[in-house]
Amino acid sequence: MVFLELFVMLLVILIAAEVFTNALEHLGEKLGISEGVTGSLFAAIGTALPETSVPLLALLAGTQNAATNEEIGVGAILGAPLMLATLSICLMAVSVWKRRGTHGHLRPERSGLMRDLNFFIIAFSFAAIAMYVPHTMVAVRYALGFCMVMIYFVYVMMTINASKALVEDGHATEAEGDMFLCKAGLPNNMIVVVTQLALGLVLLVAGAKGFIGGVEEASHLLGISALLLSLLIIPIATELPEKVNSILWIRKGKDTLAFGNITGAMVFQGTLLPAIGIMLTPWVPRKEVLLGIVLTLAATIWLRYLVAKGGLRVWHLLVNGAIYVTYLLLVLS
């Protein structure tokens, strides 16, 4: 029964992602902002709400077992960037493999993508360093957490400031098709756009909340720790919005939105969520955790190298998928 519940929650998240993406394109078009802002900020933050809510709910109002709550929290925090930097990036490339070919080009707007990757690498490195700060050094831990919050603030400011030039350069957000609520007879105005966005977000959070309920029971049934289950299973559900949104966008040829949705979510989850983990959990370098951080950084640095080199092709991102498979083999062996 628990696995049926998890499957139903996956379907809820899938539907919510489509509703949210549809409204988000219309919001970006009405505001006259760039695809970079729409993908890296609006879409990334909105679809990151499920994975944000999972560790917060686990740590603040989870099960009666505090240790299990902490394991779920840490696993959800670190499993999300791992999933995005490896499997999500790979699936996005696979979705256009047949259409563009193995050596086909992927053409996201370069400056925004480089900014996302640079900020993530810096912030996630801080998260790794924090694991070696003793629990007795509370002030240092809180200072690191504060620094990571400020890193995200600076990132948001830089992304917004770059929007105007990108719009003038032809990277404005353009919506395709009518909004779902408009198909039901409602007018296409800002109130309806916000209403559909809110509906999508409510469904996303509801799906994530329902998913938490089955994690502890599923870990007992499968005979694995809540930490490992959270690292591997929770991100599949909570990162599904980013994967689905990006696949929808890249198949429409909107490479900037597709990449920005994933890398923007990586920055969000590589700054604010680890800051929560550093301050509210033991945050120690257990094998599964440390290996996940190392491989997440490796996948991100590989992607940054490709973007800097200027030749991003479909087959390049299959390497990111191989890194995720490597992680599975190492932690499950």
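Things worth noting here:
- Any chance Val192 is surrounded by fewer than 24 Cβ atoms within 10 Å (Cβ to Cβ), modelled with pLDDT of 85 or more, in a helix (DSSP H, G or I) and out of contact with any Asp or Glu (no Cβ under 6 Å at 6 or more places or on another chain): yes
- Selection status of Val156, of a type in the set (Val, Ile, Thr), in a helix (DSSP H, G or I) and either within 17 Å of Gln269 (Cα to Cα) or free of Cβ contacts under 8 Å to residues at least 24 places away in the same chain (or both): yes
- Among all positions in the range 307-323, there is no residue which is at pLDDT 90 or above, hydrophobic (A, V, I, L, M, F, W, C) and out of contact with any helix residue (DSSP H, G or I) (no Cβ under 9 Å at 6 or more places or on another chain).
- Pick from the range 290-330, criterion basic (Lys, Arg) and in contact (Cβ under 8 Å) with a residue 12 or more places away in the chain, ranking: nearest to Leu273 (Cα to Cα): Arg304
- The range 20-36 residues that are modelled with pLDDT of 70 or more, paired with ones that are among the polar types (S, T, N, Q) (beta carbon under 6 Å, 6 or more apart): Thr21/Asn245; Ala23/Gln196; Gly28/Thr38; Gly28/Thr173; Glu29/Thr173
- Look at the range 121-145: where a residue is free of Cβ contacts under 8 Å to residues at least 60 places away in the same chain and a partner is surrounded by fewer than 18 Cβ atoms within 10 Å (Cβ to Cβ) and part of a loop (DSSP other than H, G, I, E, B), sitting 6+ places away or on another chain with Cβ atoms under 8 Å, you get Val140/Val133.
- From Thr300, Thr263, Thr271, residue being over 25 Å from Val94 (Cα atoms) and within 16 Å of the chain's Cα centre (by Cα): Thr271
- Once the range 233-276 is narrowed to residues that are at pLDDT 85 or above and touching a Phe, Trp or Tyr at 6+ places or on another chain (Cβ under 6 Å), the residue that is nearest to Asn22 (Cα to Cα) is Ala258.
- For Leu204, the conditions (1) at pLDDT 85 or above; (2) closer than 25 Å to Gln269 by Cα; (3) buried (at least 19 other Cβ atoms within 10 Å of the Cβ) are fulfilled apart from (1).
- Qualifying residue in the range 61-80 (condition: surrounded by 13 or more Cβ atoms within 10 Å (Cβ to Cβ), of a type outside the set (Gly, Ala, Ser), under 26 Å from Arg251 (Cα atoms) and at pLDDT below 90): no
The values are calculated or read from the model by the stated rules, or taken from the named source; none is laboratory data. The shown structure was predicted, so the numbers you read here are calculated from the model rather than taken from an experiment. All Cβ positions, even for glycine, are placed from backbone atoms using ideal geometry, and neighbour counts span all protein chains on display.
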